[in-house]
Structures are given as structure tokens and as C-alpha cells.
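The numbers here are math on the coordinates, done by the rules we state, and not lab data. Note that this is a predicted model, so its numbers are computed, not measured. Neighbour counts are summed over all protein chains in view; Cβ atoms, including those assigned to glycine, are modelled from backbone coordinates with ideal geometry.
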Amino acid sequence: MRHLFSRHPTTWLALLLACCLTLLAACGGGHDDDPPGTTAGSLAVSIVGLPAGVAGAITVTGPASYSKLLTASTALTDLVPGAYTLSAASVAQGTGTLTPTPVTQQVQVHAGATASASVLYAAATPLALRLQEVASGLSAPIFLTAPPGDSRLFILERPGRIRVVQNGNLLATPFLDISTLTTTSGERGLLSLAFHPQYASNGYFFMYYTNLAGDIVIERRQVSAGNANVADPLSALAILTIAHPTFSNHYGGLLSFGPDGYLYAGTGDGGSAGDPPGNAQNTHVLLGKLLRLDVNASTVAQPYAIPPGNPFATAGGRPEIWAFGLRNPWRYAFDVPTQLLYLADVGQANGEEVNVRPVGQAGNNYGWNIMEGTQCYNSASCKQAGLVLPAIEYGHDAAGGCSITGGYVYRGTALPELAGHYLYSDYCSGWLKSFSYSNGTASAVTDWNIINVGNILSFGQDAQNELYMLSGTGKVYQIVRK
């Protein structure tokens with residue numbers, strides 16, 4: 001061996017290297033990895049101060065595009081060593097807010113070790129609301145809405161005009177004026193407007209008003225081709241006319257497209273007191289009902305079709321009916337995230353009510369005139385089987401009012417603490433209240449201390465899901481943070 005090395009050193013080195021490589025391979029050598037557990041680290045995050053059932057909102061970001069949302073205390077393992085940033089967001093609790101401390105922090109994670117971080121949530125200043133005037137000088141503003149994705153506000157005046165607020169200004173020229181087609185006698189007039197979900201492409205909108213004979217008219221119109229702020233006066237297509245004889249009250253009056261794309265209409269029971277003809281429980285008439293129509297291919301020959309799933313589509317009643325047993329629904333609202341329908345029905349003599357049912361539930365009987373709210377009407381007892389009982393009700397007294405004005409579930413962005421709460425008012429008292437609804441129960445009824453705004457005729461909702469209150473004083477207010 002010494003002879004070989006002395007005569008051929010290069011050959012000897014090659015042999016020695018080959019031998020070493022063979023030994024390394026046999027022993028699992030030749031890799032850069034350290035033993036397991038020494039190249040990764042951990043991070044224990046403690047989230048404190050959250051009541052039971054309330055989730056935190058902490059985003060952890062770090063090396064190698066790491067990102068994870070935490071809602072409760074947890075330990076993050078197998079982390080690449082390096083700097084990690086925790087960003088904590090406020091969360092809603094009822095109508096209040098819990099704020100985090102600290103909002104942001106950075107933690108260094110080392111290989112083979114566990115770093116720690118903590119976030120404390122505490123109650124912030126409770127939410128307070130006020131009303132901010134957005135329009136005035138209107139004649140009985142009865143409804144407010146907007147086309148999907150549109151920044152304008154469309155305000156209905158009960159005498160028959162649709163007004164436009166654009167960039168904060170009330171335009172002088174009405175979008176449409178049908179004042180010669182209606183009257184404000186009793187509870188009559190132009191009562192609501194619904195833009196087609198594809199309004200941006202087809203320009204269709206639908207109106208609910210009473211004609212000069214006092215009958216209910218549902219009609220389709222179209223925006224003009226040359227001016228987005230003016231409707232085409234010659235575009236009228238009659239969808240449905242409902243006879244409303246004898247009395248000039250209880251017209252209901254809200255049109256709305258549901259999450260299913262169909263047009264819903266809430267009708268009153270025909271008027272007077274106590275529903276003398278028994279319209280609300282009669283499924284062969286369209287008064288005292290919630291109707292559901294397919295108007296997506298309306299023509300003169302066939303103004304509407306009956307959507308699949310209507311409970312009386314094949315037998316037993318009018319196929320247009322979706323629900324019945326209503327006195328004077330004023331008003332109803334679909335909450336898309338929860339797929340719930342909130343329906344406010346004006347009471348007779350004792351109380352007002354809000355009903356909450358699943359959006360897709362057909363054939364509900366809301367009880368009138370068997371019941372008024374949770375009480376039997378004009379009777380010591382009544383058969384309540386199969387009747388929908390209200391989620392909340394309030395009495396006709398100083399703390400209550402005389403006639404409920406239904407609103408909407410708040411789904412805007414300006415007031416995140418209010419998300420998921422249903423807002424409503426009373427025509428006589430003019431207050432603003434809200435409640436939350438889950439697992440079949442209403443809770444967290446809150447009075448927002450709104451006063452001196454006149455008779456509340458209606459709520460409105462814009463395309464950004466912010467909410468408005470419309471007053472008999474001719475003013476329209478947006479609900480904003482105080």
C-alpha cells in the first residue's frame with residue numbers, strides 16, 4: 001500500500017475518496033438535514049377576554065407566505081423560523097364591539113423552540129346611532145331603494161312620483177310621475193318599487209300602486225334609452241291587478257325580488273276592521289297574502305308565470321299565493337346570509353308583530369284573523385295548530401305604538417357592530433329599535449334613543465345595504481354612527 005501511494009498518489013486519493021463515500025452512503029450520511037425537531041419552531045397564541053360563543057379575529061403571517069386566521073387560543077407548530085406578525089381585528093358582541101390589545105405585534109420563532117404571544121379583547125365604547133338627513137321637502141316619502149350596484153337613491157312619494165338623489169342632490173325632474181293614475185285617499189297611492197336583479201342590462205323596474213278605482217296594480221316599467229335618470233313613460237306593462245273594493249285601507253304594498261329571483265308582493269286584507277270578508281284566511285283571493293310571481297319573461301299575453309314550489313300551484317287556492325293570514329304587512333325583508341324572511345304585520349287593536357321564517361318555506365299561515373299576534377282575536381280560545389306565531393310583538397301603549405313599520409336586517413359595512421340585527425319602528429311613536437334572531441328566538445331588543453323625527457312611514461335600503469328612515473315630515477334620514 002505504501003508502495004502504491006508513493007508511486008501513484010493520485011490513484012490512492014481517488015480510492016480513499018471512493019471508500020469514504022461508500023461508508024457515508026451505508027450510514028445514511030451525505031445529507032444536509034439535521035435530526036428531526038431542530039429546524040422548525042412553534043408559536044403559542046393566547047386569546048383572552050372573549051365571552052363564550054364569540055370568536056376572535058387574528059391573522060398570523062410569516063415566512064414562506066404563511067397566513068392563518070385564528071379565532072381562539074391555539075398552538076401553531078412546524079413553523080419555519082423567522083419573524084411572524086399577528087394582526088388582530090375588532091369583533092362584534094351583540095350591538096357592541098370588542099377591541100384587541102395589541103392590534104399588531106411581531107414575534108420571532110426559533111428552531112426547536114416555542115415562542116408565545118397573547119391578545120386581550122375588551123369592550124369598546126358601545127355603539128350609538130343617529131339620523132343624518134339626506135333629503136327634505138318631499139311629499140309623503142313612502143319608500144327608498146336602489147338598483148343593484150348603483151350609487152343613486154330612488155325615493156317614492158306616495159302621491160305618485162319617483163325622485164332621484166344623485167351625488168347627494170335631489171334631482172328636480174322625477175324619474176317617473178304617475179300622479180294622474182293614483183290617489184292618496186285613505187292609504188292609497190304609489191307604495192313601492194322593485195328593480196329587476198338585471199336592471200343594469202334590461203332596465204326593468206316594477207311598481208305597486210293603487211289605481212283611481214282603489215284596486216292594487218303591479219306594473220312593469222323600463223328606464224328610457226337616453227337618460228338613466230328618467231323612465232320611459234310609454235313602457236308600462238300591466239302584470240297583475242287585484243280588486244280592492246269597499247274600503248280604502250290595508251293595501252300592504254311592498255314589492256321585492258327574493259333570493260330565488262322571483263317577485264314577491266305583500267297585500268293587505270282589504271280593509272275595515274277585523275277583516276269582515278275573511279280575506280286573509282281565504283286562499284281563493286289575493287288579499288291578505290304574500291304573493292310570488294315569475295316575471296322574468298313577462299309579455300302582454302303572459303304577464304307572469306307561477307314559480308315551481310308555490311303551495312297552491314296545482315289545487316286548493318290561487319297559484320300566486322306563497323303565504324297567507326296577513327292583516328296589513330308593512331313591511332317585509334329578505335336576509336340573504338341567513339336565508340330568513342322578516343315580516344312585520346300591523347295589528348288590529350292590541351299589538352304589533354314581526355314574524356321570522358325560512359325564506360324557502362312555502363304556505364305559511366300567519367294567523368290573521370284567527371289571531372292577533374300571540375292572542376286569539378275576539379275569542380277566548382282558538383285553534384292555533386299550523387299558525388306562525390310572531391318572533392316579537394309589542395302593545396298599543398305609551399312604550400309601544402300603534403302601527404309597526406318593518407325594516408331590514410343590517411348588512412352594510414359602516415356599522416359592523418349592527419350586522420345581523422333587524423331594525424324596525426312604529427308609525428306613531430317614531431322610535432328605532434332592533435333585535436337579533438337565532439335558533440328560533442329573538443333577543444337583544446335595543447332601543448336606539450331616536451326621537452323627534454315624525455311619523456315613520458318606511459325604511460329604505462341602498463345598493464350598499466345601508467339603511468334609511470323616511471318621515472312624514474318629508475325628510476329622509478340615513479342611519480349612521482353617533
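Worth a mention:
- For VAL54 and ILE451, the difference between the fully extended length at 0.36 nm per residue and the C-alpha to C-alpha distance is 139.7 nm.
- In the chain, lysine pairs closer than 28 Å at Cα, eight or more apart or cross-chain: 4
- As computed over segment 70-195, the Cα convex hull volume per residue (Å³): 196
- Per-residue ellipticity at 222 nm from helix content only, as computed over the chain with -39500 (n - 2.57) for each DSSP H run of at least four residues, stands at -1500 deg cm²/dmol.
- Ranked by how many other beta carbons lie within 10 Å on average, peptides 49-57, 374-382 from highest: 49-57, 374-382
- Based on Cα atoms of segment 264-419, Rg over Rh with Rh as the Kirkwood radius reads 0.99.
- Per-pair calculated FRET efficiency, R0 = 35 Å: GLN198 and SER65 via Cβ, rounded to 0.05: 0.35
- Tail beyond 15 Å, pair distance distribution of segment 274-357 (Cα, percent): 65
- Over segment 89-243, Cα pairs under 8 Å with separation of 6+ residues give a relative contact order of 13 percent.
- Net charge in the neighbourhood of LEU240 (other residues with Cβ under 9 Å of its Cβ; Lys, Arg +1, Asp, Glu -1) is -2.
- Label-to-label distance, nm, for residues given as SER139 and LEU181 (7 Å Cα→Cβ offset): 1.7
- Between ALA89 and ALA315, the modelled labels are 5.3 nm apart [label points 7 Å from Cα along Cα→Cβ].
- Backbone geometry of segment 287-293 corresponds, through the Karplus equation with coefficients 6.51, -1.76 and 1.60 at θ = phi - 60°, to 3J(HN,Hα) couplings of 8, x, 10, 10, 9, 9, 10 Hz, x marking Gly and Pro.
- Computed from the C-beta positions of ASN229 and CYS402, the FRET efficiency with R₀ = 41 Å rounds to 0.65.
- Fully extended contour minus Cα-Cα distance, from ARG481 to GLN464, at 0.36 nm per residue: 4.5 nm
- Compared with the alpha-carbon gap, the fully stretched path from LYS383 to ALA44 is longer by 116.1 nm at 0.36 nm per residue.
- Other-chain or far-sequence residues with amide H under 5 Å of LEU432's (modelled H): TRP448, ASN449, ILE450
- Unit charges on C-beta of K, R, D, E only; dipole of the chain, Debye: 620
- Calculated translational diffusion coefficient of segment 178-233 (25 °C, 0.890 mPa s; Stokes-Einstein with Kirkwood radius over alpha-carbon pairs) equals 203 µm²/s.
- Table column - 3J(HN,Hα) (Hz), segment 164-173, Karplus curve with 6.51, -1.76, 1.60, x for Gly and Pro: 10, 9, 10, 6, x, 10, 7, 5, 5, 7
- Percent RCO, i.e. relative contact order, over the chain, from Cα pairs under 8 Å lying at least 6 residues apart: 11
- Net charge contributed by nearby residues that have their C-beta within less than 13 Å of ASN279 (K/R +1, D/E -1): +1
- All Cα-Cα distances of segment 37-103, cut into 5 Å bins from zero to the largest, leave 4, 15, 27, 21, 14, 10, 6, 3, 1, 0 percent in each bin in turn.
- Karplus 3J(HN,Hα) series, Hz, for segment 410-419 with 6.51 cos²θ - 1.76 cosθ + 1.60 (x for Gly, Pro): 6, 9, x, 10, 6, 10, x, 5, 8, 4
- Ratio of Rg to Rh over segment 110-166 (Cα coordinates, Kirkwood Rh, two decimals): 1.48
- Spatial offset of segment 420-482 relative to segment 366-403 amounts to 22 Å, using the alpha carbon center of each.
- Percentage relative contact order, segment 383-470, counting C-alpha pairs under 8 Å, at least six apart: 25
- Alpha-carbon centroids, segment 167-240 and segment 111-139: separation in whole Å: 39
- Taking the C-alpha atoms only, the angle from helix 9-26 to the longest principal axis of the chain is near 40 degrees.
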